[in-house]
1. For Lys330, give me every one of the lysines with a C-alpha distance below 18 angstrom, ignoring sequence neighbours fewer than eight places off in its own chain.
2. Can you give the Kirkwood hydrodynamic radius for region 256-299, in Å, rounded to one decimal and based on Cα pairs?
3. What is the percent carbon and sulfur in the accessible area of the chain, measuring with a 1.4 Å probe over the protein chains and ignoring ligands?
4. Which GluC sites (Glu not before Pro) from region 219-322 combine a DSSP loop assignment with at most 15 other Cβ atoms within 10 Å?
5. Please list, or write none, the aspartates and glutamates whose alpha carbon is within less than 13 Å of the alpha carbon of Lys132, excluding same-chain residues fewer than 8 places away.
6. Using θ = phi - 60° and the Karplus form 6.51 cos²θ - 1.76 cosθ + 1.60, what ³J(HN,Hα) does each residue of region 74-90 get, whole Hz, x for Gly and Pro?
7. Give me the 1.4 Å probe accessible area per residue for region 112-225, excluding ligands and nucleic acids, in Å².
8. Taking a quarter of the surface of the convex hull around the Cα atoms of the chain, what do you get in nm²?
Amino acid sequence: MSTSRDIFLIANSVDELGGVTTWTHQMARLFTECGHRVHVVGITEPDEPQDIGSRLPYPTTTLYAVRPPRDRRGREAGMGEPAARLSALLRSARPGAVVIVTQVWAMEWVVRADTAGLLVIGMSHESYEYSKASTRFRRVKTYYRDVDRMLALTREDADLWIREGMDNADFMPNPLPFVPDVPSPREEKAVVSVGRLTDQKGIDMLLDAWSEAVPRHPGWTLRIYGSGEEEERLRKQCTALGLDGSVEWRGRTGDVPGALRGGSVFVLSSRGEGFPLALMEAMATGLPTAAFDCAPGVREIIDDGVDGLLAPLGNTSELARRLDRLMADKALRDRMGEAARRNVQRYTTEEIVHRWESLFAFLER
């Protein structure tokens, strides 16, 4: 039986659309079920909210009523009062409490708050390489340098952070979001994509790949689930490529398991990822995946040639070839889909919660 703790999960937002929010509330529920006292804290309201439900078994707090200025100087001028509110929350904690900061932007407030006597863990939910191409790289090195643990999502990424001088780096995989009782029958001629319509998710590259693959497979459809700022541009690209008859824009869905069960192949076209939950969900549903090898997390989850097929990042012709193989061969889809459903269960919630509990106990020594 683990020691009951106060656990604060601190994110950019309590209900921002995206995988970090899904992860935050999954872990909050799991920690609560283990007997911990959990509090989810967001810095500000999101630009695009996600439905997290109305009857959560733990409290949530948002520090800002109005979004803080986007420019750094204007933001820093008003950080004192929200940081003081956060300090008051943290001071109410029992001994042995843990602060888990899910995103480095949120850490800018945590470093201004009173965390004396608390374990502080900072997380990066993206790959080292994707972080390095952004301003977050410098901020991770600045704000996570002195936390008790800086957690990447894979051992490979943790090793890369250690080479950057982050001696406190370690890794923690994401837990499997769900395991449906009934997998996809893989009967429909449908390839499924699930994710926000942003540059990171690479739907523009997916459309280019689809334009090469689909002419060889009449009757197949690409179902794109998601919304975002790139939607108008992507729809125009779709029309320009002559794909309107084979691409369905399904929008955001509240039934991801149902969306996945309706497909026979999953596709991941991202430019960068961490440890993608949508990929894990698809595998748990029994779908083989064609994916860009865009992050250590992707190649750790997918066993290339066994439960999915990886293509070099950005090579749309190679992604089209992976799609072509899976669309052409029902026996291959079934074999890889069954392997995917079996293999992804190494990331069960029980296993990941056990790893968190072991980390807490180790850091407390």
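1. Qualifying lysines at Cα under 18 Å: Lys189.
2. Working: mean 1/r = 0.0947 Å⁻¹.
Averaging 1/r across every pair of different Cα atoms and inverting gives 10.6 Å.
3. Numbers: 7240 of 15380 Å².
C and S fraction of accessible area: 47 percent.
4. On the way: sites: Glu229, Glu230, Glu231, Glu232, Glu248, Glu273, Glu281, Glu300, Glu318; in loops: Glu229, Glu230, Glu273.
In loop regions of region 219-322 (DSSP not H, G, I, E or B), the sparsely surrounded GluC sites (Glu not before Pro) are Glu229.
5. Leaving aside aspartates and glutamates fewer than 8 places away in the same chain, those within reach of Lys132 are Asp157, Glu164, Glu273.
6. Listing the rounded values in order: x, 5, 4, 5, x, 7, x, 5, x, 5, 5, 4, 5, 4, 4, 5, 5 Hz.
7. Details: 4740 Å² over 114 residues.
With the other protein chains kept in place, region 112-225 gives 42 Å² per residue.
8. On the way: hull surface 72.0 nm².
The number I arrive at for the chain is 18.0 nm².
The values are calculated or read from the model by the stated rules, or taken from the named source; none is laboratory data. Note that the structure is predicted; figures quoted are calculated from it, not measured. Note that each Cβ is placed from the backbone with ideal geometry, even for glycine, and that neighbours are counted across all protein chains shown. In case anyone asks, the SASA skips ligands and DNA or RNA and just uses the protein heavy atoms, side chains included. Shrake-Rupley method; radii C 1.70, N 1.55, O 1.52, S 1.80 Å.
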